[in-house]
Amino acid sequence: MEDWYFVPVKSPNASKTDKVSRPGKVDSFWTRDFILLCLVNFLMFVSTQMLFPNIPLYVLTIGGDSRNVGYIMAVYTISAMSIRPAAGWLVDKYSRNLVMIAGILLMCLTCLLYYWADNIAIMTGIRVLHGLVFGLASTAIATIVVDSVPVSRLNEGMGYFGLTSTLSMAVAPVIGFWLVGNFDYNMLFTGITAMTGLAFLSSWLVKRVKIPDVKHNGSGQGLLSHLVEKSALPAAWIMFLLAAVYGALLCYISLYAVERGIDNVGLFFTAIALTMFVTRPIAGRWADSGGANQVLLAGHLVIAAGMFTTGISGTMNGFILAGLLNGIGFGACMPVLQAQAVMRTPIHRRGAATGTFFALFDLGIGLGTILWGYIAAASSYQIMYFSTLIPLALALGLYLRFNLYRAQA
């Protein structure tokens, strides 16, 4: 494998990319389209985050167990992963905006199906479909955002864009738990449909992105080369391992809290979201100034502290501290890895790079969720959380293998 390290600010395609994506706008990313895309992403993630922590509890009410929870949570991310490469190809080949709008519309229609999810088989099928359309829409949105941000501020721009999903994590689970606690699951399904509908309406206001025509010489143009962007793989594989760890927090923290006698687990999501909200733009600026490697190394270490704290926590204060630490660690790593996945990629391959990155992100969450379900069933959720330190150590090893700790070139 060739030597690889993070690009501090510019990539070999930086000047071309900036000129094509936003002529004369290389110093600011706070444009109308960027703000609209942040709004669309926020609404879409509010919908999914309202549902996500409630799914494990809902599965139990329709006769499922912890293994069913693992599979149902996993099929969502695995189906999203499976569509990512094709979605990346579609946004590069045809229209980024059309894929975004179509994906969000299909998400809205899929949300309506949850009203009929009264057994494990139906619920599994709906989650597969939901994952597919989410993967389609989110890949398109992320690619359009990359087009909206100059390369010299890409880490920072992706950090701010990521705040939309972080903010949704702070408010959406609380809203979701409140809807279920004060009404029922049908009201929750109404809420997620309404949020996705608003995202669909907002997506029409984003200006159409023009993709330059690029002629290929015909070599190396097989199906795999169209769907997978090689330059994105180093960052994507690291994200794969971190996503497996992250999935343990998203999918099982509600059940772990019940095991520990904690009622209001929504405060954990608030804690992790608040620190991610603060960390993302700071980490982005630091990375753009040449400190991408330092950001990642620090992020890995803080995540390790956060997962260890999660495993030993038995009180609400312990859960909040674990959320704060994990928020700092993941808030530092995620935007930098996402930015670096596209940093070396020309504009006509940004969709493929984004699809490659998110495919491995989703695969990490999906496979991790299945694995954690078996570990929890065989031991306990506490042992499961201690076990997440293994893929985290592998991520750190991969980080060092790709020479990400080296001085910037």
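May I ask you to compute the full-extension gain from I390 to I35, defined as 0.36 nm times their residue separation minus their alpha-carbon distance, rounded to one decimal in nm?
Value of the extension gain: 124.0 nm.
For Y374 and D118 in one chain, what is 0.36 nm times their gap in residues minus the Cα-Cα distance, to one decimal in nm?
Stretched fully, the Y374-D118 segment lengthens by 89.8 nm.
Would you look at the GNM of the chain, springs on alpha carbons closer than 10 Å, and say which of S165, S254, S28 moves the most?
Sorting by GNM fluctuation, first place goes to S28.
With a/c under 1.5 counting as rounded, go ahead and sort the range 324-401 into rounded, prolate or oblate using the C-alpha gyration tensor (a ≥ b ≥ c being the square roots of the eigenvalues; past the cut-off, prolate if a/b is larger than b/c, else oblate).
Prolate.
Choose one answer from F161, F177, F134: the residue with the largest mean-square fluctuation in a GNM of the chain with alpha-carbon springs under 10 Å.
Among F161, F177, F134, the largest mean-square fluctuation in the Gaussian network model of the chain belongs to F177.
Which residue fluctuates most in the GNM of the chain (Cα springs below 10 Å): Y256, Y399, Y374?
Ranking Y256, Y399, Y374 by mean-square fluctuation puts Y374 first.
Evaluate the distance, in nm, between pseudo-label points positioned 7 Å from the Cα of V278 and of A305 along their respective Cα→Cβ axes.
My value for the distance between the label points is 1.3 nm.
Taking Cα centroids, how far is the range 174-198 from the range 42-88 in Å?
One Cα centre to the other: 15 Å.
Quick test of the membrane-span-like rule: which DSSP H helices of the chain reach at least 20 Å along their long axis (C-alpha atoms) with mean Kyte hydropathy at least 0.5?
Length and hydropathy pass: 32-51, 96-112, 120-148, 154-182, 185-203, 233-259, 266-286, 292-312, 316-343, 350-378.
Kirkwood hydrodynamic radius, the range 137-185, all distinct C-alpha pairs: what's the number in Å?
12.7
So for the range 108-163, what are the equivalent ellipsoid semi-axes in whole Å, largest first, each being the square root of 5 times an eigenvalue of the Cα gyration tensor?
Computed over the range 108-163, the values are 34, 10, 8 Å.
Taking the Cα centroid of the range 135-160 and of the range 346-367, what is the distance between the two, rounded to the nearest whole Å?
Cα centres, the range 135-160 to the range 346-367: 13 Å.
Can you give the calculated 222 nm mean residue ellipticity of the chain, where each DSSP H run of n ≥ 4 adds -39,500 (n - 2.57) and the sum is split over every residue, rounded to the nearest 500 deg cm²/dmol?
Estimated from H runs of four or more residues: -26000 deg cm²/dmol.
Among 31-37, 179-185, how do they line up from the highest to the lowest mean number of other beta-carbon atoms within 10 Å?
Peptide ranking by packing, descending: 31-37, 179-185.
Send over the per residue convex hull volume for the range 254-358, Cα only, as a whole number of Å³.
Convex hull volume per residue, Cα atoms: 103 Å³.
Read the figures in this text as sums done on the coordinates, not as results from a lab. Computed from a prediction, not measured in an experiment: that's the story for all the values here. Because the Cβ atoms are built from the backbone with ideal geometry, glycine has one as well, and the counts that use them run over all protein chains shown.
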